[in-house]
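**Q** Have a look at the structure that comes next, please.
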Amino acid sequence: MAPIPGSGLAKGLAVTLRTMTRKTVTEQYPDVQPELPPRTRGVIGLFEENCTVCMLCARECPDWCIYIDSHKETVPPAVPGGRERSRNVLDRFAIDFALCMYCGICIEVCPFDALFWSPEFEYAETDIHELTHERDKLREWMWTVPSPPALDPAAEEPKELAAARKTAEKLAASQAEPKPDTPEGADS
């Protein structure tokens, strides 16, 4: 069946008329900050205390925009007679946001929850070389990360919490049991 001549034009005019009758909404940015969705991808925040310098984020980054430098330190034994351990200490953690494509792979692969999405989006610079942000700036953005959404009240209790609660209840029940009042050495 052939389309009616001019039907496309009529549809286009209908859309135009419908749009013309609606009230316009003007965002007064930058005077009024926009309402951002809860899962907005702005920049990446670094929780430095959790970073073990495992380098997974830098290796998995498709743009190679994460730069990490570290050195090894020797840690004394935890107990006398134990052996010394070595651990990595973070010297530099930087992300080049001029290269970053905001895919979030680095955040997903981090096994220690050191990287998070922050809703900050105002970090423009006049020079492209200044878009490489070091760990101090990434740490500042960490404090703008929103808290995770509350759990669904109808959701099943996590297995770890259920096991811990059952153990605590058993311990409380065993301590609350009355002890028999029989004298020692007495046989009935």
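The values are calculated or read from the model by the stated rules, or taken from the named source; none is laboratory data. None of these values were measured; they are calculated from a predicted model. Glycine gets a Cβ as well: all are built from the backbone with ideal geometry, and neighbour counts include every protein chain shown. Quick note on the areas: whole protein, heavy atoms, side chains included, nothing else; ligands and nucleic acids left out. Shrake-Rupley method; radii C 1.70, N 1.55, O 1.52, S 1.80 Å.
**Q** How many angstrom lie between the Cα centre of region 55-72 and the Cα centre of region 1-53?
**A** Result: 34 Å between the Cα centres.
**Q** Could you check the spin-label model distance between Lys170 and Arg139? Points 7 Å from the Cα along Cα→Cβ, value in nm.
**A** 4.4 nm
**Q** For Leu115, enumerate residues with amide H under 5 Å from its amide H, sequence gap 5+ or separate chain, H modeled in the peptide plane.
**A** Hits under the 5 Å cutoff: Phe47.
**Q** Could you give the radius of gyration (one decimal) and Dmax (whole number) of the Cα atoms in region 1-44, in Å?
**A** Rg, Dmax (Cα atoms, Å): 19.3, 54.
**Q** How far, in degrees from 0 to 90, does helix 7-21 lean away from the longest principal axis of the Cα atoms of the chain, to the nearest 10?
**A** Once rounded, the angle reads 70 degrees.
**Q** Kindly report the accessible area of the chain per residue (heavy atoms of protein chains, probe 1.4 Å, no ligands, DNA or RNA), in Å². Mind showing how you got there, number by number?
**A** Working: 15000 Å² over 188 residues.
For the chain, the per-residue accessible area is 80 Å².
**Q** What net charge is computed for the residues neighbouring Thr132, neighbours being all others with C-beta under 10 Å from the C-beta of Thr132, Lys and Arg scored +1, Asp and Glu -1?
**A** Working: positive: Lys137; negative: Asp96, Glu125, Glu130, Glu134.
That sum, taken over residues with Cβ under 10 Å, equals -3.
**Q** Net charge within 11 Å of Ile68 by Cβ-Cβ distance, Lys/Arg positive one each and Asp/Glu negative one each, not counting Ile68 itself? Before the final figure, lay out the partial values.
**A** Details: positive: Arg59, Arg92, Arg135; negative: Asp69, Asp91.
Summing Lys/Arg as +1 and Asp/Glu as -1 gives +1.
**Q** Calculate the dipole size of the chain relative to its Cα centre from +1 charges on Lys and Arg beta carbons and -1 charges on Asp and Glu beta carbons; express the result in debye to the nearest 20. Before the final figure, lay out each step's value.
**A** On the way: 20 positive and 31 negative charges, 171 e Å.
Here the size comes out at about 820 debye.
**Q** What relative contact order, as a whole-number percentage, does region 74-121 give when Cα pairs under 8 Å and 6 or more residues apart are counted? Intermediate results must be reported in sequence, preceding the final value.
**A** Working: 20 pairs, mean separation 9.1, N = 48.
That works out to 19 percent.
**Q** Among (i) 0.96; (ii) 1.02; (iii) 1.27, which is the computed Rg/Rh (Cα atoms, Kirkwood Rh)?
**A** Answer by label: (iii).
**Q** Taking each pair of distinct Cα atoms in region 56-152 once, what is the resulting Kirkwood hydrodynamic radius in Å?
**A** Values: mean 1/r = 0.0634 Å⁻¹.
Taking every pair of different Cα atoms in region 56-152, averaging 1/r and inverting gives 15.8 Å.
**Q** Read phi for every residue in region 90-106 and hand back ³J(HN,Hα) as whole Hz from Karplus 6.51 cos²θ - 1.76 cosθ + 1.60, θ = phi - 60°, with x for Gly and Pro.
**A** Listing the rounded values in order: 6, 9, 9, 9, 9, 10, 8, 6, 6, 9, 4, 10, 6, 7, x, 4, 4 Hz.
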